[in-house]
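The values are calculated or read from the model by the stated rules, or taken from the named source; none is laboratory data. Here the structure is a predicted model, which is why all the values come from computation and not from measurement. Note that we place each Cβ from the backbone using ideal geometry, even for glycine, and neighbour counts take in every protein chain shown.
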Number of protein chains: 2
Amino acid sequence: MASMAGDAERLSDVGEDGLIAAVVGRYAPLPAHVLIGPGDDAAVLDVPGRVVISTDTLVEGHDFRRDWSAAAEVGVKTAAQNLADVAAMGARPLALLVSLAAPADLPVDWAGGLADGLDEECRRAGAAVVGGDVSEAAQLVITGTAVGVLPAGTPAVTRAGARPGDVVALAGRTGPSAAGLALLQAGRGGAAGGVPAEIGAALLAAHRAPRPPYPAGRDAAAAGATAMIDTSDGLLRDATRLAEASGVVLDLDADALAPDDDLRAAAAALGDPDLARLWALTGGEDHALLACFPPGVGLPASFRRIGRAMPKPADVRPGVLVDGRPWRGSTGWLHFGRRP
Amino acid sequence: MASMAGDAERLSDVGEDGLIAAVVGRYAPLPAHVLIGPGDDAAVLDVPGRVVISTDTLVEGHDFRRDWSAAAEVGVKTAAQNLADVAAMGARPLALLVSLAAPADLPVDWAGGLADGLDEECRRAGAAVVGGDVSEAAQLVITGTAVGVLPAGTPAVTRAGARPGDVVALAGRTGPSAAGLALLQAGRGGAAGGVPAEIGAALLAAHRAPRPPYPAGRDAAAAGATAMIDTSDGLLRDATRLAEASGVVLDLDADALAPDDDLRAAAAALGDPDLARLWALTGGEDHALLACFPPGVGLPASFRRIGRAMPKPADVRPGVLVDGRPWRGSTGWLHFGRRP
């Protein structure tokens, strides 16, 4: 859809119908479970089980910057953070709807790149973009809604089922997205200066276009996971949410959460080695999957043990410990700037 | 949730978790088909059939104004325009997800009023709010996603199935929302000056908080409707979409679409009697249901005949006629300001 004219085509040039045609034309053929895809009042899905559904919004300037991320990367991120929520219930992702609110001078090519990223990440998850909406707005606001299915007879894995004695385990890593963001914020986006090039590029990619371990969600459900959440706002914050919902204390093992070499290299390059541990414990947007399993259950290959669930003492609130001690300081990201 | 302090509480005062708790606390108990509602990574629905899903966004300044509509009215409108899309496929609405992107200084009471309206209209449709998301943004952007179910064995009613000879029928009215908007734009919002008070109030309400005829959608499907769409962008524009998707010409009967007394009273008050007919034919956001039925089928009680489908002559594009003649001028609303 690249314009041949000197000036790039903008949304106001092609209008609503032109934009929709341009975007929908980029999607790969629909999978068999999509009975009706984009273009009608609604999409129709053949869902052989219970329906799992979640929505999440990205706002320009808050969740992405167009000078830091390519349009396709924003598409991957939009799809990933929605599909990860469905995976975190133990479901198989099936479909994504996307609403784009955008200024009229947005280049059509940008919307096309967004569609490419949405489609690519949906395919990686086994899903497809099945519909959406476009509106004019002063600021770019992209809302995704993911739909998934629970295998017949399998209950959803909520945040609330963890029991004392459970093993706490993680699929995927925490920290790379925050490290990539820190490099961008420090102006190290280009060469990721001071960090080995390959490591820098991987951390930037982890921030711009996270790739959640979707199949780990249903593997966890099949293995009997008692509770699960994805790490969208930071491991400690999301672990706290799970602990509160379950009424337990989660004691995490600092050694198991020791930052990997890439995080330590990035922290060193930014002049503060302590950042590596902070990113691993409190960095958001990695969409790793944190789950609890009954003791004695074999963990799925995608999970590694990072702690255990303990009974909540009568005089203590549910929450998270690191090596048996309360964590001091922020546990992660909250919207609207409040850190209670 | 009204604040007792002199200044109203704002989102930045209560933070993300406080806002979610305040909003979710206002919803009525969840119906039985919602297995898991707000508060986890995703909602889980028991959907006994094929899943119908659609998304739509309202942007402040484009789709509503806070000085023209109460928060609850914006909630009703958000729910209505999403649930109507699901009804227009012949499905029964089940659930709504809502993403709120809002400035940090938005009063918490406004978000609470929005939730009240969302919940109220969902209940009217037989659905429930099952989840959502909150984000900080410069402008208020509200995205809804509606989920519905098709009865087992019933195919979805798309826009594409109309055949020559079909009866064209309408459930609900077109024009009241546009008339209400025109009164507001003319500064007649308060007393709706010049219009009898009851009529003015009803037209303003139709614009601020449309009430689509949801059950008419499944009644149409059960009666064998061949094609259906809701009138979100104007009767002629949406009829044209249906005609194009079906490859037919729809000939609408001007007498059957003659504006009712309330529209004529409002048009007279604004000094231009011709407006009444324009509102009825091209006014958007009423979310009436336009459907085609095979000839000889008894129309459901909620529908009245407004025209018929004809074969498309070889040298003519699919489209809409009024009393056998092409319509001159705009057929309704398009985003991004382009009128092709």
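Quick notes
- Filtered residue count, the stretch B:298-339, keeping only those that are crowded, with 16+ Cβ neighbours inside 10 Å and either modelled with pLDDT of 90 or more or touching a Leu at 6+ places or on another chain (Cβ under 8 Å) (or both): 19
- Single residue of the stretch A:89-121 satisfying the filter (more than 16 Å from the chain's Cα centre (by Cα) and among the charged types (D, E, K, R)) that is nearest to the other protein chains (Cβ to nearest Cβ): A:Asp105
- Any chance B:Ala111 is modelled with pLDDT under 95, buried (at least 22 other Cβ atoms within 10 Å of the Cβ) and farther than 20 Å from B:Ile53 by Cα: yes
- Matching entry among A:Ala72, A:Ala22, A:Ala32, A:Ala80 (being within 16 Å of A:Gly148 (Cα to Cα) and assigned to a helix (DSSP H, G or I)): A:Ala80
- A:Glu60 vs. criteria facing chain B (nearest Cβ under 10 Å) and at pLDDT 95 or above: yes
- Only one of the numbered conditions (1) closer than 25 Å to B:Ala225 by Cα; (2) surrounded by fewer than 20 Cβ atoms within 10 Å (Cβ to Cβ); (3) modelled with pLDDT under 95 is violated by B:Ala186, and that is (1).
- Of the criteria (1) under 15 Å from B:Ala88 (Cβ atoms); (2) more than 14 Å from chain A (Cβ to nearest Cβ), which one B:Pro212 fails: (2)
- Of everything listed in (1) under 17 Å from A:Val130 (Cα atoms); (2) out of contact with any helix residue (DSSP H, G or I) (no Cβ under 8 Å at 6 or more places or on another chain); (3) part of a strand (DSSP E or B); (4) in contact (Cβ under 8 Å) with a residue 60 or more places away in the chain, the single unmet condition for A:Val59 is (1).
- Among the residues of the stretch B:39-48, those identified as crowded, with 22+ Cβ neighbours inside 10 Å and either in a loop (DSSP other than H, G, I, E, B) or of a type in the set (Val, Ile, Thr) (or both) are B:Asp40, B:Asp41, B:Ala42, B:Val44, B:Val47.
- For the criterion of being more than 29 Å from A:Gly90 (Cβ to Cβ) and either outside any loop (DSSP other than H, G, I, E, B) or touching a helix residue (DSSP H, G or I) at 6+ places or on another chain (Cβ under 9 Å) (or both), B:Val51 fails.
- Matching residues in the stretch A:10-42 - criterion: being touching a Ser or Thr at 6+ places or on another chain (Cβ under 7 Å) and either away from chain B (no Cβ under 11 Å) or within 17 Å of B:Thr143 (Cβ to Cβ) (or both): A:Asp41, A:Ala42
- Condition broken by A:Asp17, with the remaining ones in (1) assigned to a helix (DSSP H, G or I); (2) modelled with pLDDT of 95 or more satisfied: (2)
- B:Asp262 satisfies every condition listed in (1) touching a Phe, Trp or Tyr at 6+ places or on another chain (Cβ under 8 Å); (2) surrounded by fewer than 24 Cβ atoms within 10 Å (Cβ to Cβ); (3) more than 14 Å from chain A (Cβ to nearest Cβ) except (1).
- Residue satisfying all of: in the stretch B:66-86; over 16 Å from the mean Cα position of the chain (by Cα) and in contact (Cβ under 8 Å) with a residue 24 or more places away in the chain; surrounded by the most Cβ atoms within 10 Å (Cβ to Cβ) among these: B:Ala71
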